[in-house]
Amino acid sequence: MKKHIEELLIYSVDDDKDERFFIKEAFSDFLRDDQVRFFSNGLELINSLTEEKGFPDFIMMDLNMPLMNGREALELIKKNAGWKHIPVVIFSTSNYELDIAKCLAAGAKKYICKPASMMEYPKIFKGLIDEMLES
């Protein structure tokens with residue numbers, strides 16, 4: 001059964017406090033505050049997935065973070081039978097082809113390079129939400 005936008009739960013993982021603020025603001029155009037949960041590194045995300053009973057509809061994750069980077073978290077998610085169904089979207093400043101190829105090969109559903117302007121976030125996120133609702 002397909003979900004409606006008001007039923008979505010998204011996990012966003014980024015170590016940069018300002019970036020989390022911009023992401024929150026951009027998502028607020030479409031979602032309630034309780035529909036997006038924020039984590040500052042992959043370890044926090046993995047701990048939450050381990051402790052929670054429910055799961056997000058998708059995870060949006062940066063690559064370069066302390067404690068556990070996005071690549072390491074992605075690999076753990078895709079190796080876990082209970083989590084591997086969760087779509088992971090990498091949202092990173094890196095446009096390095098090898099990073100993109102490795103993430104997609106490890107099971108990321110999509111790789112999005114962060115745009116130069118935060119003003120582009122709402123359009124990108126709306127397209128991402130629409131794509132996730134269709135799949």
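What follows is calculated from the coordinates using simple rules that are stated; it is not laboratory data. Worth saying up front: this structure is predicted, and the values here are computed from it rather than measured. Cβ atoms come from the backbone with ideal geometry, glycine included; neighbour counts cover every protein chain shown.
Details
- Single match in 53, 84 (criterion: touching a Lys or Arg at 6+ places or on another chain (Cβ under 7 Å), without any contact (Cβ under 8 Å) to a residue 60 or more places away in the chain and part of a loop (DSSP other than H, G, I, E, B)): 84
- Only listed residue being part of a loop (DSSP other than H, G, I, E, B), of a type in the set (S, T, N, Q) and over 11 Å from the mean Cα position of the chain (by Cα), chosen from 64, 47: 64
- Within segment 87-130, considering residues that are of a type in the set (Gly, Ala, Ser) and in contact (Cβ under 8 Å) with a residue 24 or more places away in the chain, the one farthest from residue 4 (Cα to Cα): 94
- Scanning segment 1-50 for residues that are of a type in the set (Val, Ile, Thr) and touching a residue at least 12 places away in the same chain (Cβ under 8 Å) returns 5, 10, 13, 23, 36, 46.
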